[in-house]
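Input: a single structure, listed below in structure tokens.
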Amino acid sequence: MPARVIIIRHAEKPEIPRSIHLSPKGRTRALALVEFFQSDPRLLKLGLPAVIIAQSPSQKNHSQRSLETVTPLAKALGLPVISRFTFGQVQEMAQWLKSQREYDGKTALICMNHMEIAELAKALGVARLRPRVWPHETYDRLYVLTFAPEDGRFLSLQNLTQTLLFGDSFQAVSGPQGRAAAEVAFKQVYQEGSSKTAGGKESPGPRWQFSATAEVQGDFSDFNDDTIPVFRVGGFCFGYHLTTLGYLKKQPNAVVKIDASKGSGSMLYRYQTVVEGAERTYAWISFAWDRQSLRVEFQADVDEGSINPEIDLPIVLENDQPVGRIVGAAPCYVALGRKRFQAPIGFNYQGEGRKASTPSPSGSYQATLRSVGGD
């Protein structure tokens, strides 16, 4: 294995259905990556890429964006772009990379569609990945996977920001609306070792509860079946490129109501699983919009010891269960179609983490986090 594998998403695309090329901002990011890989201290210590791989178009996915994103960097480094793998060939890409002994101990760069990044990370040995799905609106991150030089086993993953263009890493509000145009609040409780299953047994996995509300002021009456409702706090994100209102209308776990005459609508989506033969809702999210505002509510109660949820813990705690005061900032993004709100400098939170001795050999841990400021 290479000593390091860096995975990036292709740069920005236009908000035009079936477009296959980068947007003007995406082309700017592609050029900025040339300087980024040759000057950022975090990457310089990893070594310049010895090989650059980009997904190529396929019969189902005609996108040229991965190739266009890394072509300027490849030219600057004097490297060819390996483009033998298309969308849907993640396992083949991973096996090929492992078999190329000429890259042992070096750095490999892979650029691809965001919907397959999690699959590639798992194919390379990442057992527990958060977020499970790369957020749809995010272009400015990179995964850095490191591997043991003696046997190629996976060691660690870093989720880094590029911070190349205006708006990256929540530097500013997206669009004309300011902080006063939105209110967002949340609470998260995370437990390990002390949660109980329905039968009274100790859960082998973590349990967490999360509640959030958001309201963005503005006229949201311009929508249709192609409109995508989006809500993101931290690692949780509802709304991807296929999650349109038209798609949700056909889903059994979603309820969409539209009043075109009033320019208003609502959507309720339930996350469900089967536990002991019965279907159970473990989380839900609702959107309601009109000519005055967009309102979002999200609730989750997840026991990862008894179910395998399709959503992530929104705020992932760093430093392996910190004890005492916890502070930080998380991404916050609310949108309906082309109108959106993005919190500047992230969304601040604080809370407390504590450990307690129990009869269980592992003890127990609990952390409670709350939003700060409510906007």
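Per-structure values
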read-out: Any hit, the range 299-309, residues being modelled with pLDDT of 95 or more, surrounded by 12 or more Cβ atoms within 10 Å (Cβ to Cβ) and not charged (D, E, K, R); value: yes
read-out: Qualifying residues in the range 202-214 (those that are in a loop (DSSP other than H, G, I, E, B) and at pLDDT 60 or above) - the one nearest to Tyr349 (Cα to Cα); value: Pro206
read-out: Subset of the range 234-264 (residues that are buried (at least 16 other Cβ atoms within 10 Å of the Cβ) and out of contact with any Ser or Thr (no Cβ under 9 Å at 6 or more places or on another chain)); value: Gly234, Gly235, Phe236, Phe238, Gly239, Tyr240, Thr243, Leu248, Ala254
read-out: Some residue of the range 26-46 being in contact with a Gly (Cβ under 9 Å, 6 or more places away or on another chain) and in the same structural domain as Glu150 (by TED's automatic domain parsing); value: no
read-out: Strands (runs of 3 or more DSSP E) wholly inside the range 217-300 that include at least 2 residues being touching a residue at least 12 places away in the same chain (Cβ under 8 Å) and within 17 Å of Phe186 (Cβ to Cβ); value: 229-233, 236-238, 278-289
read-out: Meets criteria (over 21 Å from Phe210 (Cβ atoms), in contact with a strand residue (DSSP E or B) (Cβ under 9 Å, 6 or more places away or on another chain) and surrounded by 14 or more Cβ atoms within 10 Å (Cβ to Cβ)) for Leu268; value: no
read-out: Test: residue in the range 24-46 that is modelled with pLDDT of 95 or more and outside any helix (DSSP H, G or I); value: no
read-out: Residues that are within 22 Å of Pro206 (Cα to Cα) and aliphatic (A, V, I, L, M), drawn from the range 107-166; value: Ala118, Val126, Ala127, Leu129, Val133, Leu157
read-out: Test: Glu68 is acidic (Asp, Glu), in contact with a strand residue (DSSP E or B) (Cβ under 9 Å, 6 or more places away or on another chain), in a helix (DSSP H, G or I) and closer than 21 Å to Tyr139 by Cα; value: yes
read-out: Criterion: among the charged types (D, E, K, R) and either crowded, with 17+ Cβ neighbours inside 10 Å or within 26 Å of Gln158 (Cα to Cα) (or both) - qualifying residue of Arg65, Arg84; value: Arg65
read-out: Any hit, the range 89-107, residues being part of a loop (DSSP other than H, G, I, E, B), within 24 Å of Glu35 (Cβ to Cβ) and among the charged types (D, E, K, R); value: yes
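The values are calculated or read from the model by the stated rules, or taken from the named source; none is laboratory data. Predicted model only: the values in this text are computed from it and were never measured. Reconstructed Cβ throughout: ideal geometry from the backbone, glycine too, with neighbour counts over all protein chains shown.
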